[in-house]
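Enquirer: Quick one: this structure, given as structure tokens, is what I'll be asking you about.
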Amino acid sequence: MTQRYANIGLGLLLWVLSAWVIWQTTGLRDPRTGDLPLVLSAFWIFSGAILIVLNVVPKTGRPMERTRPFGQVPWRRWAAVAACLALFGVGAVTIGFYESAFLFLYAVGSIMASGRQNRGQTVWTMLVFALIATSGLYLGFSVLLGIPFPDGILI
Amino acid sequence: MWEGILAGIQGVLTLEALWVLLAGTLAGAAIGALPGLSAVSAVALLLPFTFGMEPAHGLIMLAAVYTSAQYGGSIPAILINTPGTSGAAATTLDGYPMTLKGQAQEALYLQLFAGVIGGAIGAVILIFFTPVLAEWSLLMGPAEYFWLALAGLAMVASLAGKDILKGLIGASLGVFLTVPGQDLITGESRFTFDYHHLIGGIEMVPVLLGLFAVASVVALVERGDDTVAPLTPRPGVIRYVLRRISRMKLLLSWTGVLGTLVGAIPGAGASVSAFVAYGESKRISKKNRSEFGKGAWEGVAGPESANNGVVGGSIVPMMGLGLPGSGSAAVMFGALTVHGIIPGPRMFEERADIAYTFMVGVLATIPIMLVVGLLTVRWSSLAVKAPLRFMVPVILSLAVLGTFSLRQNTFDVAILIGIGLVGYLLAKIGVPPIAMALGLVLGTLIEQNFQRSVIVARTDDMGLWEYFFSRPIAIVLMVIAALVLLSGIRQVIREHSDSRAQNEPAGDESVSTGDGGAPEVVGDGAAVGEGTTRTREQGSDQ
């Protein structure tokens, strides 16, 4: 995706967001409650229009095609880390914070180290790292700062 | 006054007081540096430890914690583009680019010395000018707050990132995040979808952590098994930094005073003062204005001086009027009342010894913070050499646990992750996360004070604009907001004309950037890489 189409996409997204916000404010009892959302909607319609026009018009839009904002992103690795992050959130309420932190640290560290040659050593290194880091988090948050976390299956 | 100051100095120069100062400084800096745990959290977490102490010592400890937490919050801002406190957000704009250029140590020493200078200025103003400043802060009404917040937003929109339109879009999206919840004037719920977690609104810390910690660190995933940044240790780095700072005397003094004055406005906050200071630093630094956003030293020094000057300033309304000017000041207000002391003008008559011991304690923290900083900078800068396979999961885990520690609420964790991923994607296409963050911080201030202005104008039988133009401070702030916006628009037009003039003769289509300018490392997008430069043949995703 080029910067040009990303800008057009952002402009359209702002229009959709404005329409949704305007629709939501129609259900409010007091008109003053909807003032800020409506002002924001108006700004998004205006700024969305500027973005779309500037990028559709060839003279100003064509230079934007030379840039690809997502061109360098390793999507597989990125998606794996994002999925681990989402699962960390889910795991925190199901199996426990520190348990899911351990799994998260191991998984993401392994994903980041996936290009390394000695896989066996990497597995052990990441296991040890996850254990030490989880212990450090436990010591810092639960022991020293005394912040209560929900009970997990182990801690 | 002088007897009170002498009593304060005597109160601070005892062995017990010095131990308490040292402990508070170390704890405050460490907690402030943790993403998710702000200066308020640091003060609140350590408050129970002060109950068993003498009132003066308890207050000295809290003063030390508050001061050093503001300093500590800038360390991760510089090293990993993640401010530990909201006041350090402006530091990311040039602090992180300095790290990426291998100047992490220089940036940390610069931050330390600038913070010491700003903090000292704030503490001195606090000691000598509290009554005067307290009266001044009373002049701020709804109109002034409204235009101050708009001026702050205009500044961040035009200073952060390359495109003022996208900066304003980011700011407006941040303001929108303050919409869900109960309207504080009308009491009606909006955009809550009957979900009880949204009735109180979206918490600020998960959003800030998402925009900075998660978005920045997720961007580091692109680099695979690398390190955060190179580190080029320079022999004699302290002398080098001091030499360069000696050329910024005017800048540091002015931004320190500015930070203190803005901090004295109840509710204005460290983030507003840091951005105002950033704008001023850019204005003052005529010779290297183009370097801002790419690792300009003034872009770190100015905000840091203001960020630490805010400490003294925010205590002014608490001591002078009995009105806590910030969250941390509110916690200290609570600490004083626990010890049977009511802050306010009468405190100077009835318990002047405690009042001045507390204020002198703020000043006494500064040299201790300097020593602690000098001893730890070399070690903390080594963090940038840690492999990303260790750094990325640790920082993300800290962000999640830090977010949960706020309210023990998993909804906040969901906000953190969601906003983090969306913030990353928006930053990639040029919407600066820092603009969104400031929009969130200032959104409530803008809306509430706009509504209050309408009410006041109606009560005084005036039109809204008539009311705005009847307030001199509001007029000044209006003009500042307009000038900042116009300056940002003019900058964009100038850059656009320059790039068209450069591109027209060669017409080179193989290498270019999004807006025709040279590739830039922008403070808030440095790790994200807004507008990646590619050749047409290399466009495939991995």
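Enquirer: In region A:14-31, how many are assigned to a helix (DSSP H, G or I) and surrounded by 15 or more Cβ atoms within 10 Å (Cβ to Cβ)?
Expert: So the answer is 8.
Enquirer: Kindly list the number of the only condition in (1) under 27 Å from B:VAL179 (Cα atoms); (2) at pLDDT 85 or above that fails for B:LEU445.
Expert: The single condition B:LEU445 does not satisfy is (2).
Enquirer: Hey, another quick one. What about A:VAL108, is it more than 10 Å from every other protein chain (Cβ to nearest Cβ) and at negative phi?
Expert: Details: more than 10 Å from every other protein chain (Cβ to nearest Cβ): no; at negative phi: yes.
So A:VAL108 does not fit the description; no.
Enquirer: Quick check on region B:372-388. Is at least one of its residues buried (at least 17 other Cβ atoms within 10 Å of the Cβ) and aromatic (Phe, Trp, Tyr)?
Expert: For region B:372-388, residues buried (at least 17 other Cβ atoms within 10 Å of the Cβ) and aromatic (Phe, Trp, Tyr): absent.
Enquirer: As an exercise: evaluate B:GLY295 against (1) assigned to a loop (DSSP other than H, G, I, E, B); (2) over 21 Å from the mean Cα position of the chain (by Cα); (3) crowded, with 22+ Cβ neighbours inside 10 Å and give the number of the one condition it does not meet.
Expert: (2)
Enquirer: Answer with yes or no whether A:ALA49 is of a type in the set (Gly, Ala, Ser) and facing chain B (nearest Cβ under 9 Å).
Expert: No: the conditions fail for A:ALA49.
Enquirer: Still on this structure, I have one more. Exactly one of (1) farther than 30 Å from B:ALA386 by Cα; (2) assigned to a helix (DSSP H, G or I) is unmet by B:GLY52. Its number?
Expert: (2)
Enquirer: Return the residues of region A:123-152 that are at the interface with another protein chain (Cβ under 9 Å from one of its Cβ atoms) and either touching a Lys or Arg at 6+ places or on another chain (Cβ under 8 Å) or touching a residue at least 24 places away in the same chain (Cβ under 8 Å) (or both); say none if nothing qualifies.
Expert: A:MET126, A:PHE129, A:ALA130, A:ALA133, A:THR134, A:LEU137, A:PHE149, A:PRO150, listed by residue number.
The rows are residues; the columns are (1) within 20 Å of the chain's Cα centre (by Cα); (2) modelled with pLDDT of 85 or more; (3) closer than 30 Å to B:PRO235 by Cα.
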position	(1), (2), (3)
B:LYS385	no, no, yes
B:GLN408	no, no, no
B:LEU416	yes, yes, no
B:ILE419	yes, yes, no
B:GLY423	yes, yes, no
B:PRO433	yes, no, no
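Enquirer: Regarding B:THR178, is this residue under 25 Å from B:ILE473 (Cβ atoms), at pLDDT 80 or above, surrounded by fewer than 23 Cβ atoms within 10 Å (Cβ to Cβ) and more than 17 Å from the chain's Cα centre (by Cα)?
Expert: Details: under 25 Å from B:ILE473 (Cβ atoms): yes; at pLDDT 80 or above: yes; surrounded by fewer than 23 Cβ atoms within 10 Å (Cβ to Cβ): yes; more than 17 Å from the chain's Cα centre (by Cα): yes.
When the stated conditions are applied, B:THR178 passes them.
Enquirer: Given the options B:ALA352, B:ALA296, name the one that is closer than 17 Å to B:LEU126 by Cα and touching a residue at least 40 places away in the same chain (Cβ under 8 Å).
Expert: On the way: B:ALA296 fails: closer than 17 Å to B:LEU126 by Cα.
The match here is B:ALA352.
Enquirer: While we're on this one: Regarding B:SER216, is this residue in contact with a Leu (Cβ under 8 Å, 6 or more places away or on another chain), polar (S, T, N, Q) and closer than 26 Å to B:SER158 by Cβ?
Expert: So B:SER216 does not fit the description; no.
Enquirer: Tell me which residues, restricted to region B:54-97, are over 18 Å from the mean Cα position of the chain (by Cα) and among the hydrophobic types (A, V, I, L, M, F, W, C).
Expert: Scanning region B:54-97 gives B:ALA56, B:LEU59, B:ILE60, B:MET61, B:LEU62, B:ALA63, B:ALA64.
Enquirer: Looking at (1) at pLDDT 80 or above; (2) part of a helix (DSSP H, G or I); (3) out of contact with any Phe, Trp or Tyr (no Cβ under 8 Å at 6 or more places or on another chain), find the lone condition where B:ILE169 falls short.
Expert: Failing condition for B:ILE169: (3).
Enquirer: Could you tell me whether A:GLY96 is buried (at least 23 other Cβ atoms within 10 Å of the Cβ) and within 29 Å of B:PHE411 (Cβ to Cβ)?
Expert: Here the answer is no, as A:GLY96 does not meet what is asked.
Enquirer: Does region A:66-103 hold any residues that are within 9 Å of another protein chain (Cβ to nearest Cβ) and either charged (D, E, K, R) or in contact with a His (Cβ under 8 Å, 6 or more places away or on another chain) (or both), and which are they?
Expert: Hits for region A:66-103 are A:ARG66, A:ARG68, A:ARG76, A:ARG77.
Enquirer: Among the candidates B:TYR109, B:TYR145, which residue alone is within 29 Å of B:LEU485 (Cα to Cα), in contact (Cβ under 8 Å) with a residue 24 or more places away in the chain, not hydrophobic (A, V, I, L, M, F, W, C) and not in a loop (DSSP other than H, G, I, E, B)?
Expert: The match here is B:TYR145.
Enquirer: Contact list please: Cβ distance under 8 Å, first residue in region B:379-398 and at the interface with another protein chain (Cβ under 7 Å from one of its Cβ atoms) and of a type in the set (A, V, I, L, M), second residue surrounded by fewer than 20 Cβ atoms within 10 Å (Cβ to Cβ) and part of a helix (DSSP H, G or I), pairs at least six apart or on different chains.
Expert: Short answer, once both residue conditions are applied: B:LEU388/B:ARG223.
Enquirer: Could you tell me whether B:VAL217 is within 14 Å of another protein chain (Cβ to nearest Cβ), in contact (Cβ under 8 Å) with a residue 12 or more places away in the chain and out of contact with any Cys (no Cβ under 7 Å at 6 or more places or on another chain)?
Expert: yes
Enquirer: Where in region B:388-499 are there helices (runs of 4 or more DSSP H), lying wholly inside it, with at least 3 residues that are of a type in the set (D, E, K, R)? I'd like the intermediate steps shown before the answer.
Expert: Values: elements: B:388-407, B:410-428, B:433-459, B:464-469.
Qualifying helices (runs of 4 or more DSSP H): B:433-459.
Enquirer: Residue under question is B:LEU209, and the condition is that it be of a type outside the set (Ser, Thr, Tyr), within 13 Å of chain A (Cβ to nearest Cβ) and either in a helix (DSSP H, G or I) or within 30 Å of B:ASP183 (Cα to Cα) (or both); does it hold? So that I can check it myself, show each step before the final result.
Expert: On the way: of a type outside the set (Ser, Thr, Tyr): yes; within 13 Å of chain A (Cβ to nearest Cβ): yes; either in a helix (DSSP H, G or I) or within 30 Å of B:ASP183 (Cα to Cα) (or both): yes.
Yes; evaluated as a whole, the condition is true for this residue.
Enquirer: May I ask you to verify whether B:ALA42 is in contact with a Gly (Cβ under 8 Å, 6 or more places away or on another chain), within 14 Å of chain A (Cβ to nearest Cβ), crowded, with 24+ Cβ neighbours inside 10 Å and in contact (Cβ under 8 Å) with a residue 24 or more places away in the chain?
Expert: Yes: the conditions hold for B:ALA42.
The values are calculated or read from the model by the stated rules, or taken from the named source; none is laboratory data. All of these numbers come straight from a predicted model, not from anything done at the bench. So basically every Cβ, Gly included, is an ideal-geometry build from the backbone, and we count neighbours across all protein chains shown.
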